[in-house]
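Below is one structure; the comments refer to it alone.
Here, each number is a calculation from the coordinates, and none is a lab measurement. A quick note: this is a predicted structure, and the numbers were derived from the prediction, not measured. No Cβ is skipped: glycine too gets one built from the backbone with ideal geometry, and neighbour counts run over all protein chains shown.
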């Protein structure tokens with residue numbers, strides 16, 4: 001029985017790759033949770049709130065500078081030759097660099113606004129731009145590792161980053177006692193150093209050339225610009241709430257809420273790794289659909305989707321239990337209060353499994369305009385609810401709004417997905433299969 005299971009593991013690239021991606025992320029999260037009690041001793045909730053605001057800043061700059069276009073690589077990769085990929089990826093990074101320069105100029109124009117709402121020094125705010133470009137380079141190479149089916153190289157690069165980041169946090173926060181800025185500096189240095197290694201690998205593998213191809217820039221913008229509202233919606237969901245908490249409840253409460261989000265990463269650990277491994281496999285299957293195999297393949301894919309949702313449910317329950325143990329027995333007493341946010345935050349993330357499954361079919365059809373409208377509208381509603389709820393329930397109102405926002409967006413995406421790419425979600429287990437004949 002053991003040998004049979006081992007053979008299945010070796011033959012199934014999805015299971016094997018998921019295991020490697022999960023193990024890699026688990027290594028990083030394990031080190032993070034091991035050092036968390038020590039960091040919680042040296043970082044006050046105010047310090048953590050400050051560091052969180054820098055992450056909020058870099059998250060929106062990464063989105064604006066091109067993360068959507070980087071994540072679009074799987075939807076172009078399989079239709080391109082090696083030469084086309086080289087030009088495509090080169091022009092992707094050129095475009096990201098130009099946008100970063102524009103963002104840098106924008107920071108100078110809105111300097112006072114950024115300082116007022118983020119509570120960060122302007123010099124640190126400016127450092128968000130090189131960190132943004134470094135993240136985009138790193139993300140592009142990591143996506144290519146998945147597309148090339150090289151999970152071992154993915155693991156090596158990620159483990160190197162994780163270890164470097166942990167060492168820098170120990171030095172900056174614990175040894176030098178730099179507080180919240182120490183954590184920020186650790187993030188900056190880790191991303192910048194790893195970007196050098198990722199760029200070297202891209203050059204070595206022949207993915208980089210100095211040649212502007214306006215055809216590919218146009219394709220990237222055509223794919224990415226309609227998704228900008230969609231991308232911004234995620235920042236509104238995960239970033240605007242931190243600014244609202246900071247300005248209405250203070251950095252201390254922002255730090256407590258951020259600790260709860262850190263606990264939420266227990267859930268994201270496995271679910272993200274599973275989706276990272278699953279998406280290339282799914283897109284490959286969708287690319288191979290024919291009139292002869294379409295009905296059976298779609299039924300098989302949806303059954304697999306339901307199985308993944310069940311797995312997500314189990315992970316969610318275990319994540320809540322794990323967060324309770326960590327907050328009660330491992331971290332400093334001052335962060336124990338954070339647990340009150342955890343069940344709602346994980347529930348909101350679990351609801352997103354509907355979104356994670358159904359959005360892949362929209363990407364396949366490259367019909368992203370309505371997608372952006374749905375997610376942006378849902379996120380605006382969530383921000384409005386956050387602003388209203390925080391006045392009645394304090395920080396808990398942010399968590400309530402997050403669950404409602406996740407539900408609205410996930411249902412909207414599901415309905416639109418089934419309209420542009422019909423799948424037998426409700427009839428997959430019937431004998432007919434539920435797909436209409438065209």
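Per-structure values
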| read-out | value |
| --- | --- |
| Extension reserve of the residue 293-residue 204 stretch, reckoned as 0.36 nm per residue once the Cα distance is removed | 28.1 nm |
| Fluctuation leader among 140, 26, 319 - the chain, Gaussian network, Cα springs under 10 angstrom | 26 |
| Relative contact order (%) - criterion: Cα under 8 Å, at least six apart; region: the chain | 23 |
| Förster radius 22 Å - calculated FRET efficiency between residue 411 and residue 388, Cβ distance, rounded to 0.05 | 0.55 |
| Cα-based helix-to-principal-axis angle, 251-287 vs the chain, degrees rounded to 10 | 20 |
| Sequence ranges 129-139, 286-296, 43-53, ranked by mean other-Cβ count within 10 angstrom, highest first | 43-53, 129-139, 286-296 |
| Residues of segment 250-277 with amide N under 20 Å of the 7 Å Cα→Cβ point at residue 19 | 269-277 |
| Ascending count of other beta-carbon atoms within 10 Å, so fewest first, for 207, 400, 41 | 41, 400, 207 |
| Cα-Cα separations in segment 244-354 greater than 19 Å, expressed as whole percent | 56 |
| Segment 162-301: relative contact order in percent, alpha carbon pairs under 8 Å with at least 6 residues between | 9 |
| Nearest-ten-degree value, helix 45-62 long axis tilted from longest Cα axis of the chain | 40 |
| Rh by Kirkwood over Cα pairs, then Stokes-Einstein D for the chain at 1.306 mPa s and 10 °C, µm²/s | 69 |
| Projected area, mean over directions - segment 78-145, Cα convex hull, nm² | 5.5 |
| Principal-axis tilt of helix 2-11 within the chain, Cα atoms, nearest 10 degrees | 80 |
| Value of [θ]222 nm, deg cm²/dmol, for the chain, DSSP H segments ≥ 4, -39500 (n - 2.57) each, nearest 500 | -27000 deg cm²/dmol |
| Span from the segment 207-277 Cα centroid across to the segment 282-341 one, whole angstrom | 18 |
| Cα→Cβ-extended label distance, 7 Å offset, between residue 26 and residue 366, nm | 3.9 |
| Pairwise label distance in nanometres, residue 113 with residue 377, each label 7 Å out on the Cα-Cβ vector | 2.6 |
